[in-house]
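Input: a single structure, listed below in structure tokens.
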Amino acid sequence: MSQAVHLIQLAGSDQSFPCADNDTLLRAALRSGIAFPYECNVGSCGNCKFELLEGVMSSCWPEAPGLSDKDRAKNRGLGCQSRPSGPLQIKLRTSDKYAPQHRPVRTTATFVSSHAITHDLSEFKFETATPVAFLSGQYALVQMPGIAGPRAYSMSNVGLINGNSQTRQVMEFQVRRVPGGHGSAHLFDQLAPGAQVEIDGPYGMAYLREDVERDILCVAGGSGLAPMVSIARGAFSSPKMRDRKLHFYYGARSLQDVCGLDMLQALSDWDARGHYQAIISGEPDTANLPVPYLRGFAHDAVAQSFGERLQQMEIYFAGPALMGQSLLKTLIDLKVPMDQVHFDQFY
Ligand SMILES: Cc1cc2nc3c(=O)[nH]c(=O)nc-3n(C[C@H](O)[C@H](O)[C@H](O)COP(=O)(O)OP(=O)(O)OC[C@H]3O[C@@H](n4cnc5c(N)ncnc54)[C@H](O)[C@@H]3O)c2cc1C
Ligand code: FES
């Protein structure tokens with residue numbers, strides 16, 4: 001069934017974009033190349049707020065935590081949750097850094113296979129009907145049948161390298177089973193090979209910067225493994241990055257959660273340019289941990305290992321909110337320029 005398409009006008013500018021009534025304002029704007037600010041794309045962060053000046057719209061998720069009662073009273077909406085019922089005029093401050101490198105597309109995708117990485121983390125492989133060009137470190141929205149709202153998952157496979165014309169049919173995600181979580185339960189328990197989902201992407205600003213001549217630090221915690229593995233895979237495939245060293249710090253609760261090293265060791269040249277460090281925050285599973293593991297938290301380990309040398313590094317991180325906040329504070333305290341730090345907060 002064809003969808004009605006409405007024109008969305010940005011007040012005080014000559015910018016406008018079409019939005020189908022089954023799309024959201026944020027995603028439709030990005031599909032038109034408009035630099036609509038956002039981060040999570042799933043109603044949690046509040047970065048995509050705008051003000052409705054004229055017209056009628058609805059919300060896919062009226063209770064989304066990214067919008068307060070005060071916002072609602074001021075006629076504000078979340079770009080990632082708002083759908084037009086007709087033409088709209090909205091007030092929004094665009095920002096160039098959100099201009100998409102590759103415009104997001106919606107496509108059906110077929111589930112191919114999955115395999116376990118740890119006791120609660122598995123990799124899921126999909127094949128898309130339409131090629132999706134993405135950069136290493138980006139994420140996509142996966143809409144599963146019967147689940148309210150899409151879930152954001154970062155790709156773990158390598159994206160486009162050096163602007164070449166490769167487009168990917170395969171998208172791989174590494175997903176943690178969340179206790180009580182509906183989306184992860186569907187992926188782990190109900191998806192059979194051949195099942196179809198809708199994938200919408202790419203999204204996210206924490207993508208690999210190939211042109212930067214600095215060594216790389218990737219810090220991952222829990223399910224933050226996927227985008228950091230994608231960054232590492234991208235960095236080791238890029239002809240422009242042959243001289244770059246990459247440090248990969250993985251924060252885990254316990255020994256059984258530690259993962260990622262096998263994926264990195266599969267990269268040619270890893271032994272010469274790569275360095276992996278696991279950090280375990282919980283009680284040790286054994287009295288004497290094997291040598292490569294540190295005890296404590298990822299942000300402390302990073303500060304102790306590199307100190308002010310972090311100012312000369314390009315830093316990517318992904319994982320639980322608490323890890324992200326602690327790491328960010330550490331980097332600010334160590335005076336790391338924020339334009340060298342890239343992350344999309346997981347919610
Ligand atoms: C940018 C980003 C990248 C991410 N990458 C990964 C990754 O690579 N691997 C991974 O395991 N996890 C990732 N996550 C977390 C993931 O998207 C899920 O939040 C997490 O897996 C829990 O989902 P769930 O369905 O199991 O739990 P649930 O509790 O069922 O759902 C939690 C999330 O679903 C959304 N949601 C819930 N109800 C609704 C509704 N009614 N309408 C719309 N949305 C709703 C909300 O975003 C909420 O945070 C990422 C999150 C973000 C924001
Ligand atoms: S709430 Fe819309 S991008 Fe996070």
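Could you please let me know if residue 199 is under 19 Å from residue 171 (Cα atoms) and outside any helix (DSSP H, G or I)? So residue 199 passes the test.
Assess whether residue 16 counts as being among the small types (Gly, Ala, Ser) and away from ligand 2 (no atom under 16 Å from the Cβ). So residue 16 passes the test. The set of residues in region 181-194 being small (Gly, Ala, Ser) and under 10 Å from residue 113 (Cα atoms) consists of 192, 194.
Just so you know, in region 204-215 the residues that are surrounded by fewer than 24 Cβ atoms within 10 Å (Cβ to Cβ) and either more than 17 Å from the chain's Cα centre (by Cα) or among the aromatic types (Phe, Trp, Tyr) (or both) include one that is nearest to residue 258 (Cα to Cα), and it is 215. Please determine whether any residue of region 72-80 is out of contact with any Leu (no Cβ under 8 Å at 6 or more places or on another chain), open to solvent by 10 Å² or more (accessible area, probe 1.4 Å) and touching a residue at least 24 places away in the same chain (Cβ under 8 Å). Among the residues of region 72-80, not one is out of contact with any Leu (no Cβ under 8 Å at 6 or more places or on another chain), open to solvent by 10 Å² or more (accessible area, probe 1.4 Å) and touching a residue at least 24 places away in the same chain (Cβ under 8 Å), which makes the answer no. For region 119-142, the set of residues classified as surrounded by fewer than 18 Cβ atoms within 10 Å (Cβ to Cβ) and touching a helix residue (DSSP H, G or I) at 6+ places or on another chain (Cβ under 9 Å) consists of 119, 120, listed by residue number. Residues of region 15-33 that are open to solvent by less than 10 Å² (accessible area, probe 1.4 Å), closer than 15 Å to residue 94 by Cβ and touching a residue at least 60 places away in the same chain (Cβ under 8 Å): 25, 30.
Just checking, which of 225, 255, 261, 191 is under 29 Å from residue 147 (Cα atoms) and surrounded by fewer than 20 Cβ atoms within 10 Å (Cβ to Cβ)?
Residue meeting the stated conditions: 191.
Considering the conditions (1) within 16 Å of residue 157 (Cβ to Cβ); (2) modelled with pLDDT under 95; (3) open to solvent by 10 Å² or more (accessible area, probe 1.4 Å), residue 238 is excluded by exactly one of them, (3). If the condition is being more than 22 Å from residue 139 (Cβ to Cβ) and open to solvent by 30 Å² or more (accessible area, probe 1.4 Å), then region 34-58 contributes 51, 53, 54, 55, 56, 57, 58. Of the residues making up region 62-71, those that are part of a loop (DSSP other than H, G, I, E, B) and either more than 13 Å from ligand 2 (Cβ to nearest atom) or surrounded by fewer than 16 Cβ atoms within 10 Å (Cβ to Cβ) (or both) are 62, 63, 65, 68. Applying the condition of being among the small types (Gly, Ala, Ser) and over 16 Å from residue 83 (Cβ atoms) to region 33-44 and asking which residue is nearest to ligand 1 (Cβ to nearest atom) yields 44.
The values are calculated or read from the model by the stated rules, or taken from the named source; none is laboratory data. Just so you know, these numbers come straight off a predicted model, no measurement behind them. Note that we place each Cβ from the backbone using ideal geometry, even for glycine, and neighbour counts take in every protein chain shown. Keep in mind that these areas ignore ligands, DNA and RNA; they rest on the heavy atoms of the full protein, side chains included. Shrake-Rupley method; radii C 1.70, N 1.55, O 1.52, S 1.80 Å.
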